[in-house]
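This report refers to the structure that appears directly beneath it.
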Amino acid sequence: QKEVEQNSGPLSVPEGAIASLNCTYSDRGSQSFFWYRQYSGKSPELIMSIYSNGDKEDGRFTAQLNKASQYVSLLIRDSQPSDSATYLCAVREGGDYKLSFGAGTTVTVRA
Amino acid sequence: EAQVTQNPRYLITVTGKKLTVTCSQNMNHEYMSWYRQDPGLGLRQIYYSMNVEVTDKGDVPEGYKVSRKEKRNFPLILESPSPNQTSLYFCASSTKTGSFYTFGSGTRLTVV
């Protein structure tokens with residue numbers, strides 16, 4: 001079974017700070033990587049996707065991928081209280097539709 | 001509006017009483033999947049379907065059944081629910097080449 005591991009958290013950051021979330025995966029054949037945000041009691045929503053090594057920025061979010069190290073991260077800059085949620089790392093092997101999820105990291109942004 | 005609709009949102013049932021959780025998508029997606037979410041364990045795949053009449057087991061299929069008679073519908077069936085199936089369930093769909101899933105709103109199931 002493919003394994004996806006995230007730093008367990010919870011992670012508490014002050015408003016305006018950078019929140020850094022980490023994820024490692026076991027399957028070297030993985031090709032697609034996603035970050036989902038899930039508010040308590042709600043369904044996951046996609047916030048970032050990344051497919052090649054390096055950084056990808058979207059607003060206050062930056063995803064970083066290092067396939068050699070089997071590592072993907074998410075940075076949230078200028079954290080806001082509305083960013084308080086659980087962040088799920090998801091990984092998909094090339095040609096496979098299944099997403100394997102990590103257990104999630106809960107982020108709390110302190111006002 | 002493009003969406004995945006699950007029903008019911010909340011369900012409390014007794015051990016052994018058969019139940020069905022419905023899932024319907026209006027995006028003409030080929031791929032549909034069921035996940036359960038438990039504290040500390042994340043989302044674990046129960047069953048998935050690549051297209052009509054094509055289904056396969058995920059990581060935790062024991063105690064569940066599914067069917068895919070129509071492209072839009074993918075119901076989850078618990079023939080004889082047990083308390084260890086108390087969980088939050090999500091249905092999701094994706095295109096064949098889709099890069100991400102669209103999730104339903106979730107069904108919180110309690111088996112007593």
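Would you mind stating whether A:Val72 is modelled with pLDDT of 95 or more, closer than 19 Å to B:Phe100 by Cβ, within 12 Å of the chain's Cα centre (by Cα) and not basic (Lys, Arg)? Step through it out loud before you land on a result.
Values: modelled with pLDDT of 95 or more: yes; closer than 19 Å to B:Phe100 by Cβ: yes; within 12 Å of the chain's Cα centre (by Cα): yes; not basic (Lys, Arg): yes.
Answer is yes for this residue.
Just to be sure, is A:Ser32 part of a strand (DSSP E or B) and in contact (Cβ under 8 Å) with a residue 40 or more places away in the chain? Here the answer is yes, as A:Ser32 does meet what is asked. Of the residues in the range B:45-70, how many are farther than 18 Å from B:Tyr89 by Cα, among the aliphatic types (A, V, I, L, M) and within 12 Å of chain A (Cβ to nearest Cβ)? Final tally of qualifying residues: 2.
Restricting the range A:1-48 to residues that are basic (Lys, Arg) and surrounded by 13 or more Cβ atoms within 10 Å (Cβ to Cβ) leaves a set whose member that is modelled with the highest pLDDT is A:Arg37. All conditions but one from (1) touching a Ser or Thr at 6+ places or on another chain (Cβ under 9 Å); (2) modelled with pLDDT under 95 apply to B:Met50; the one that does not is (1).
Taking the conditions (1) hydrophobic (A, V, I, L, M, F, W, C); (2) within 14 Å of chain A (Cβ to nearest Cβ); (3) within 11 Å of the chain's Cα centre (by Cα); (4) surrounded by fewer than 18 Cβ atoms within 10 Å (Cβ to Cβ) in turn, B:Ile77 satisfies each one other than (2).
Here the strands (runs of 3 or more DSSP E) wholly within the range B:7-46 that include at least 3 residues being farther than 22 Å from A:Gly102 by Cβ are B:10-13, B:19-25. Going residue by residue through the range B:44-60, is there one that turns out to be farther than 21 Å from B:Thr102 by Cα and of a type outside the set (D, E, K, R)? The answer is no; no qualifying residue exists. The single condition among (1) within 14 Å of chain A (Cβ to nearest Cβ); (2) open to solvent by 30 Å² or more (accessible area, probe 1.4 Å); (3) under 19 Å from A:Lys98 (Cβ atoms) that B:Val4 does not satisfy is (2).
Would you check which residues across the range B:56-72 are surrounded by 17 or more Cβ atoms within 10 Å (Cβ to Cβ) and assigned to a strand (DSSP E or B) and list them? Within the range B:56-72, B:Val66 is the sole residue that qualifies. Here B:Ser87 meets each of (1) surrounded by 18 or more Cβ atoms within 10 Å (Cβ to Cβ); (2) under 28 Å from A:Gln31 (Cα atoms) with one exception, condition (2). Residues in the range A:67-111 that are open to solvent by less than 10 Å² (accessible area, probe 1.4 Å), more than 14 Å from chain B (Cβ to nearest Cβ) and in a loop (DSSP other than H, G, I, E, B): A:Ser79 alone.
For the range A:43-54, the criterion of a residue being in contact with a strand residue (DSSP E or B) (Cβ under 9 Å, 6 or more places away or on another chain), closer than 29 Å to B:Thr5 by Cβ, free of Cβ contacts under 8 Å to residues at least 24 places away in the same chain and not in a strand (DSSP E or B) is satisfied by at least one position.
The values are calculated or read from the model by the stated rules, or taken from the named source; none is laboratory data. Fair warning: this is a prediction, and the values are worked out from it, not measured in the lab. We place every Cβ from the backbone using ideal geometry, glycine too, and count neighbours over all the protein chains shown. The area values use the complete protein model at the heavy-atom level, side chains included, leaving out ligands, DNA and RNA. Shrake-Rupley method; radii C 1.70, N 1.55, O 1.52, S 1.80 Å.
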